[in-house]
1. Kindly establish whether R50 is touching a Gly at 6+ places or on another chain (Cβ under 8 Å) and either open to solvent by less than 50 Å² (accessible area, probe 1.4 Å) or farther than 16 Å from R19 by Cβ (or both).
2. Here is a list of conditions, (1) without any contact (Cβ under 8 Å) to a residue 60 or more places away in the chain; (2) within 20 Å of W111 (Cα to Cα), and Y94 meets all of them except one; can you say which number that is?
3. Which ones in the range 67-95 are open to solvent by 30 Å² or more (accessible area, probe 1.4 Å) and assigned to a loop (DSSP other than H, G, I, E, B)?
4. Give the residues of the range 26-81 that are within 11 Å of the chain's Cα centre (by Cα), without any contact (Cβ under 8 Å) to a residue 40 or more places away in the chain and under 16 Å from A107 (Cβ atoms), sorted by residue number.
5. If I go through the range 102-121 residue by residue, how many of them are exposed (fewer than 12 other Cβ atoms within 10 Å of the Cβ) and in contact with a helix residue (DSSP H, G or I) (Cβ under 9 Å, 6 or more places away or on another chain)?
Amino acid sequence: QVQLVESGGGLVQAGGSLRLSCKASGSIFSINGMGWYRQAPGTQRELVARFTTNGSTNYADSVKGRFTISRDNAKITVYLQMNSLKPEDTAVYYCNADIKPMWSVRASGCWGQGTQVTVSS
């Protein structure tokens, strides 16, 4: 079994900062494309930031200059530093990655359980 576990969400005032963490665990052969998505009530899940397979990063236009994605390969963990938070950043934030387990011949997309981020005005 493989899993992604997020942490670091919470309630913060507008202009504040939060740091999310997502750790992958289990019998993992390979992992690629770790990143973050978010979903606000009544909306579709959207990309926030992620690493591509060649190691570059993609960001949603709405978070560029405010959010930074980073990772620790040894810990199989990806982080999302969120600064200058706005009320419109309020959402459940989900970690995602393409994981190939030890027992499988192919990779598949995996999701964490999500962590709530609430930004008050």
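1. Numbers: touching a Gly at 6+ places or on another chain (Cβ under 8 Å): yes; either open to solvent by less than 50 Å² (accessible area, probe 1.4 Å) or farther than 16 Å from R19 by Cβ (or both): yes.
The answer is yes for R50.
2. (1)
3. The initial filter retains those residues of the range 67-95 that are open to solvent by 30 Å² or more (accessible area, probe 1.4 Å), namely 68, 70-76, 79, 81, 83-84, 86-88, 90, 92, 94.
Result: I76, N83, S84, K86, T90.
4. Passing the criteria: only F51.
5. Within the range 102-121, residues that are exposed (fewer than 12 other Cβ atoms within 10 Å of the Cβ) and in contact with a helix residue (DSSP H, G or I) (Cβ under 9 Å, 6 or more places away or on another chain) number 2.
Yes/no per residue for (1) among the basic types (K, R); (2) part of a strand (DSSP E or B):
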site	(1), (2)
Q3	no, yes
V12	no, yes
A24	no, yes
G33	no, yes
R38	yes, yes
P41	no, no
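The values are calculated or read from the model by the stated rules, or taken from the named source; none is laboratory data. Only a predicted model underlies this, so the values are computations on that prediction, with no experimental measurement involved. Neighbour counts run over all protein chains shown; Cβ positions are idealised from the backbone, glycine included. For the accessible areas, the whole protein counts, side chains as well, though only heavy atoms, and no ligand, DNA or RNA atoms are used. Shrake-Rupley method; radii C 1.70, N 1.55, O 1.52, S 1.80 Å.
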